[in-house]
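The values are calculated or read from the model by the stated rules, or taken from the named source; none is laboratory data. Just so you know, these numbers come straight off a predicted model, no measurement behind them. Neighbour counts run over all protein chains shown; Cβ positions are idealised from the backbone, glycine included. Quick note on the areas: whole protein, heavy atoms, side chains included, nothing else; ligands and nucleic acids left out. Shrake-Rupley method; radii C 1.70, N 1.55, O 1.52, S 1.80 Å.
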Amino acid sequence: MEPEEEPGGAAVREVYEEAGVKGKLGRLLGIFEQNQDRKHRSYVYVLTVTEIREDWEDSVNIGREREWFQVEDAIKVLQLHQPLHAEYLEKLKLGCSPANVPSLPDNNALLGTAAQTSGVPPGMR
């Protein structure tokens, strides 16, 4: 997060910078600590996507790619690499029925985004 920035604002900014996606911030799924000694926290939100850019800053500058997952598939991937993150998508799954999960291009399901309060490199988000 930038100085004086709220977690929700940071989440919206980060998802645009890193994935070229704009949207409306939804409910907070949870806050989790990644490193209690250094006080690294992530705030995980639901984001309803309203705009998807074909090219965005990170795609042009560092070749970052965006990939959409169904919630179930994202949970499986996260369980292997970042199990704590998978727990928050489980909360999303419990709180949403198919009728109230917005659809994305190619019938992709909505994922949450995290704003970090300090320290963890972007590649670890």
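Here are some notes:
- Karplus-derived HN-Hα couplings along segment 14-30 (A = 6.51, B = -1.76, C = 1.60, θ = phi - 60°), whole Hz, x at Gly and Pro: 4, 5, 5, 5, 8, 10, x, 10, 10, x, 9, 5, x, 6, 7, 7, x
- Leu78 - accessible surface, heavy atoms, 1.4 Å probe, Å² rounded to 10: 40
- Counting Lys and Arg as +1 and Asp and Glu as -1 over every other residue whose Cβ lies under 13 Å from the Cβ of Ile62, the net charge comes to -4.
- Whole-Hz Karplus values for segment 3-10 come out as x, 6, 8, 7, x, x, x, 5 Hz, taken residue by residue from phi with 6.51 cos²θ - 1.76 cosθ + 1.60 and θ = phi - 60°; glycine and proline positions read x.
- For the set Glu67, Glu5, Glu87, Glu17, the ranking by accessible area, highest first and with no ligand, DNA or RNA atoms included, is Glu67, Glu87, Glu17, Glu5 under a 1.4 Å probe.
- Neighbourhood charge, 12 Å Cβ-Cβ cut-off, centred on Gly8 and excluding it, Lys, Arg +1 and Asp, Glu -1: 0
- Partner lysines for Lys24 [C-alpha distance under 22 Å; skip if fewer than 8 residues away on the same chain]: Lys91, Lys93
- Take Ile62: with every protein chain present and a 1.4 Å probe, its accessible area is about 110 Å².
- Mean Cα-pair separation over length for segment 1-69, i.e. relative contact order, pairs under 8 Å, 6 or more apart, %: 33
- Taking amide H as placed 1.01 Å from N in the peptide plane, the amide H of Leu29 sits under 5 Å from that of Val44, Tyr45, Val46, each at least 5 places away or on another chain.
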